[in-house]
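Written out below as structure tokens is the structure these notes cover.
The values are calculated or read from the model by the stated rules, or taken from the named source; none is laboratory data. Values in this document were obtained by computation on a predicted structure and should not be read as measured data. Every residue, glycine as well, gets a Cβ built from its backbone with ideal geometry; the counts of neighbours run over all protein chains shown. What goes into the accessible areas is simple: the full protein's heavy atoms, side chains included, and nothing from ligands, DNA or RNA. Shrake-Rupley method; radii C 1.70, N 1.55, O 1.52, S 1.80 Å.
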Amino acid sequence: MNTIQHLIDGVSSPSTSGVTKPVFNPATGEQSAELAMASLAEVDAAVASSQAAFQEWRHVSLARRMKLMHAYRNLVEANQVEIARRLTAEHGKVASDAMGEVARGIENIEYACGIAEMLKGTYNESASSGVDVYSVRQPLGVVAGITPFNFPAMVPLWMIPNALATGNTFILKPSERDPSAPLFIAELAQEAGFPPGVLNVLQGDKLAVDRLLEHPDVKAVSFVGSSPIAQYVYETGSKYGKRVQALGGAKNHMVVLPDADIDLAADSAVSAAYGSAGERCMAISVVVAVGDVADPLVEAIKVRMNKLVIGDGTDPASEMGPLITEEARDRVNDYVRQGAEAGATVVVDGRNANFDNNGFFTGVTLIDNVTTDMSVYQDEIFGPVLSVVRVNTYQEGVKLIEENRWGNGAAIFTRDGGAARRFQEEADAGMVGINVPIPVPVGYHSFGGWKDSLFGDTTMYGPEGVKFYTKSKVITSRWPDPSTSSVNLGFPTND
Ligand code: NAD
């Protein structure tokens, strides 16, 4: 059985903790590897390596850092298929989703290739006589990233490029469920020429996270995962004086107005609800059907669902793969049961789908007539379950979004520009889509939600990412007038 190890100081670093966790292929249900879990001493060793590397790395020129980032970008692109293969093998997502994930990660490396533009600083000449005031942004030191299972390559790439390009060293603690892809993208950074210790990977769980949160040499923590852990990481990291950005869970609403293009709305709902088996923080989990759009929309979604091909992600015909674990599958199926028992209408029941292997598969579910008191509405299910809430007016839809505890994404489908404009202003969420179901910002904007979807005040990647990984320094400088200089500069003198 292959044991997946840490990457410290540029080399594979076998764990001595003696503790391992199994890694599964969710499409077969079989264990594919074991993961070595970090001990406290191994966390300390990774931090010491990163701290030592920082002393040199922070002085490496911008020109050199950008050159390395370009090399890294090219290597990740050249290895896109292999990264995607690892994603499918351990996460289960189908090949097209896996390739798309890597492409969205590469966007962030491309952004960091132009980091000099973001680090230009500011300058005021003659704030007072002979006095100039200017600001620069400097790296923080060792920063850590703790990432979720659902985007094992993309989410680390939300963090690593900007963190390194701005002169920090980085410790990645990936999800223990699918560690091979993030380990590989870190190995590619070594191959691109980043010095040993600039990017370390630590395999582990709560023990490792807690040590990173309290370690005095870790200056900042970027976290992406579920809301309870995001809140815990935010509060604990802050208590230890660190800068923390912590992105949490979601329950994203898609409001469909009566004038919407039904085909577009139904296509969008199906791809956004069931893509990647609904294991996306930007998945649509609630369709808010306004007025008489509900019946035709539910019918159009149902027709499309019945055509979805669910199967092993390595099969090119598959459009949706399995869930990440057996427990996740059982939890999702139990939510469908709860919805039915609470009185909602199960239009398509994913529990009825048959699969002829031991993979962690379930079918796609559509639940109509959902009300806000039901657990299918209140909780983040994180699986291929789409709820439909029927309302009479646009305003009721906006109110639902406002009253929901999460505020990651929200979308509206309409042909009315005025309604769309109103929604963009009123939707209580950090990322809004207009006739776009999953409005994940491009790499030169920043990603993050509101309310329980984000703890802290800095969103991820893009300009906000650069801000998070740097601290501002303002310099006030005075130089006497050159006419008083002891060096003859050719200015007229008073005598
Ligand atoms: P998770 O919170 O269980 O785990 C995330 C990370 O935290 C992992 O690296 C894990 O090892 C670590 N962790 C887990 N329990 C911990 C504990 N008790 N103490 C310290 N560390 C702990 O999340 P997940 O199941 O891997 O990912 C799915 C969740 O992530 C969903 O809620 C999803 O919405 C969310 N997510 C959010 C975003 C976003 O941008 N807002 C993006 C992707 C995923």
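A few points about this structure:
- Treating each Cα of segment 1-131 as one equal point scatterer and applying the Debye formula with no solvent, the log10 of I(q)/I(0) at q = 0.13, 0.19, 0.20, 0.22 Å⁻¹ comes out as -0.83, -1.22, -1.23, -1.22.
- A cut-off under 15 angstrom between Cβ atoms defines the neighbours of D44, and their net charge, with Lys, Arg +1 and Asp, Glu -1, is -3.
- Positive-pole candidate from H59, L172, S15, dipole of the chain, charges at beta carbon: H59
- Seen against the Cα atoms of the chain and their longest principal axis, helix 180-192 is set at about 30 degrees.
- C113 exposes around 10 Å² of accessible area when a 1.4 Å probe is run over every protein chain in place.
- Under the convention that each Lys and Arg Cβ holds +1 and each Asp and Glu Cβ holds -1, the size of the dipole of the chain around its Cα centre is about 1240 debye.
- The C-alpha radius of gyration of segment 252-434, expressed as a fraction of 2.2 N^0.38 Å, stands at 0.99.
- Tensor-based shape of segment 374-495 (alpha-carbon gyration tensor, a/c under 1.5 rounded, otherwise prolate or oblate): prolate
- Considering only the chain, percent of DSSP beta bridges that pair antiparallel, nearest 5: 40 percent
- Among G443, V389, A89 the positive-end extreme of the charge dipole of the chain (Cβ point charges): G443
- Protection proxy ranking of 269-275, 26-32, by the mean of other Cβ atoms within 10 Å over each peptide's residues and highest first, is 269-275, 26-32.
- Here's the list of aspartates and glutamates a cross-link from K67 could span, going by alpha-carbon distance under 19 Å and ignoring same-chain residues fewer than 8 apart: E56, E77, E107, E110, E117, E187, E191.
- Cα centroid of segment 375-400 to Cα centroid of segment 230-261, whole Å: 17 Å
- Here segment 466-485 is scanned for amide nitrogen atoms under 17 Å from the site 7 Å beyond the Cα of V131 along Cα-to-Cβ, giving 474-481.
- Directionally averaged shadow of segment 81-189, computed from the convex hull of its alpha-carbon atoms, nm²: 7.8 nm²
- About the centre of its Cα atoms, segment 297-357 shows a dipole size close to 280 debye [charges on the beta carbon of Lys, Arg (+1) and Asp, Glu (-1) only; nearest 20 debye].
- Degrees between helix 62-78 axis and first principal axis of the chain (Cα, 0 to 90, nearest 10): 30 degrees
- DSSP loop trypsin sites (Lys or Arg not before Pro) with at most 15 other Cβ within 10 Å: longest gap in the chain: 121-306
- Between helix 417-426 and the chain there is an angle of about 70 degrees, using the helix long axis and the longest principal axis of the Cα atoms.
- Across the options G145, L188, N162, the greatest Cα extent toward the positive end of the charge dipole of segment 104-230 (unit charges at beta carbon of Lys, Arg, Asp, Glu) belongs to G145.
- Percent accessible area from carbon and sulfur atoms, the chain, protein chains only, probe 1.4 Å: 50 percent
- Distance violations [Cα-Cα > 29 Å] among K93/K219; K173/K467; K206/K467; K206/K451: K93/K219
- Volume per residue that the Cα convex hull of the chain spans, once the total is divided by residue count, Å³: 170 Å³
- Estimated Rh, segment 74-140: Kirkwood, alpha-carbon pairs, angstrom: 15.2 Å
- Using only side-chain charges placed at the Cβ, +1 for Lys and Arg and -1 for Asp and Glu, the dipole size of segment 123-255 relative to its Cα centre rounds to 340 debye.
- Cα centroid separation, segment 94-170 to segment 412-473 (Å): 18 Å
- Distance histogram for segment 286-327 (every C-alpha pair counted, 5 angstrom bins, percent rounded to whole numbers): 5, 19, 16, 16, 15, 14, 11, 4, 0
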